[in-house]
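Below is one structure, written out as structure tokens, with a few remarks after it.
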There are 2 protein chains.
Amino acid sequence: MDTKPALPTAEMICFSLYSATHAMQHAYKPLLEALGLTYPQYLALVALWAADGQTVGQLGVALQLESNTLTPLLKRMEAQGLVVRARDSRDERQVRVSLTDAGRGLQARAAGIPGCILEKSGMSLAALTALRDQVNALRDQLRER
Amino acid sequence: MDTKPALPTAEMICFSLYSATHAMQHAYKPLLEALGLTYPQYLALVALWAADGQTVGQLGVALQLESNTLTPLLKRMEAQGLVVRARDSRDERQVRVSLTDAGRGLQARAAGIPGCILEKSGMSLAALTALRDQVNALRDQLRER
DNA sequence: TGCGATTTAATCGCGCGCGATTTATCTTGT
DNA sequence: ACAAGATAAATCGCGCGCGATTAAATCGCA
């Protein structure tokens, strides 16, 4: 009654990434919904905690997302009171995204998340770091052709 | 004017998978749209090429997706004439998904895709296989807790 | 200075993913 | 044989991702 996941070799790497990403988001979900966040929203907050007041474009570079994804996401975060979006007075084309007190305040409440995920992964920090570097190398290869 | 992607250590593994998955789908896109397929539709076809006539649930196991994702996806593929969906006469709860001639015919036209992706990845088959196994191990760890 | 080219966000449309619920069918225990 | 429970797929709502397009602001260069 079982289905062998008998996918060809090259497809399996893609499927691995695909399903591992879903599993990762699934692992984050209970931790994040306690904070009222989705996974991409959390990634945006992490980027803003590291550097507040970034433009939409800079966030796009950091998160590898376009404005067509970021604009509605940031609007929802603004509606939640986590960030403020404002045109840059020096260059009105750009929109700067700044944390509110509530947005900054979430950093402390989210402090335990990385450790919790690390534990769920069942891997050592060294192994995860090595894996990360390989996955990043693959991603960068794919991006530049 | 650049943004350092200065994300904390544990987040970076997740972000790696997240962005590598997007990069992978981006790499597949031009190859797949020549066939009129999306990436999840292609994965479903690959699974059906390996084993035709699977139920929605079996496909869900193979692709790690639920019926709430698969049903509309398969309906779109049926509308394109790639598959047929039919209730199993032995157990009317189940729906079997079978390839049409057109769906089977795509296999030949898609034969070059894995090699093309392999080339774009810039990695050896051995390296990709090793990476796949590590990513699968991480995914399985995350799934079972 | 002025006008076309470029840059930046925003908008639109569509296809996923998935939590939660619903409907139809089958199984089980008595 | 029948009701209670279990199982399979479908439905609903919402938040991404992203290709394509649009609108506004800035830049470049004659």
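The values are calculated or read from the model by the stated rules, or taken from the named source; none is laboratory data. No experiment lies behind these values; they were computed from the predicted model shown. Neighbour counts run over all protein chains shown; Cβ positions are idealised from the backbone, glycine included.
Below are the figures for this structure:
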{"item": "Residue in the range A:99-120 that is nearest to the other protein chains (Cβ to nearest Cβ), counting only those that are without any contact (Cβ under 8 Å) to a residue 40 or more places away in the chain and surrounded by 13 or more Cβ atoms within 10 Å (Cβ to Cβ)", "result": "A:114"}
{"item": "Spans of helices (runs of 4 or more DSSP H) in the range B:1-105 with at least 2 residues more than 24 Å from residue A:13 (Cα to Cα)", "result": "B:67-79"}
{"item": "Selection count where residues are in contact with an Asp or Glu (Cβ under 8 Å, 6 or more places away or on another chain) and of a type in the set (Val, Ile, Thr), scope the range B:35-55", "result": "2"}
{"item": "Residue match in the range B:115-124 (condition: among the β-branched types (Val, Ile, Thr) and under 26 Å from residue B:14 (Cβ atoms))", "result": "yes"}
{"item": "Qualifying residue in the range B:28-38 (condition: at the interface with chain A (Cβ under 8 Å from one of its Cβ atoms) and within 27 Å of residue B:136 (Cβ to Cβ))", "result": "yes"}
{"item": "Among (1) within 14 Å of the chain's Cα centre (by Cα); (2) buried (at least 19 other Cβ atoms within 10 Å of the Cβ), the one test that residue B:19 misses", "result": "(1)"}
{"item": "Options A:10, A:20, A:51; residue that is within 7 Å of chain B (Cβ to nearest Cβ) and at pLDDT below 95", "result": "A:10"}
{"item": "Residues being free of Cβ contacts under 8 Å to residues at least 24 places away in the same chain and under 14 Å from the mean Cα position of the chain (by Cα) - total across the range B:25-37", "result": "3"}
{"item": "Selection count where residues are in contact with a Leu (Cβ under 8 Å, 6 or more places away or on another chain) and either more than 8 Å from DNA strand D (Cβ to nearest atom) or under 11 Å from residue B:96 (Cα atoms) (or both), scope the range B:63-72", "result": "2"}
{"item": "Members of the range B:106-137 that are farther than 18 Å from residue B:38 by Cβ and outside any helix (DSSP H, G or I)", "result": "B:111, B:112, B:122, B:123, B:124"}
{"item": "Unmet requirement for residue A:58, which otherwise passes all of (1) away from chain B (no Cβ under 11 Å); (2) more than 14 Å from DNA strand D (Cβ to nearest atom); (3) more than 23 Å from residue A:26 (Cβ to Cβ)", "result": "(1)"}
{"item": "Residue within the range B:78-92 that is at the interface with chain A (Cβ under 8 Å from one of its Cβ atoms), hydrophobic (A, V, I, L, M, F, W, C), out of contact with any strand residue (DSSP E or B) (no Cβ under 6 Å at 6 or more places or on another chain) and under 20 Å from residue B:29 (Cβ atoms) present", "result": "no"}
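Quick grid of which residues meet (1) surrounded by 15 or more Cβ atoms within 10 Å (Cβ to Cβ); (2) polar (S, T, N, Q):
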| residue | (1), (2) |
| --- | --- |
| A:52 | no, no |
| A:61 | yes, no |
| A:72 | no, no |
| A:82 | yes, no |
| A:89 | no, yes |
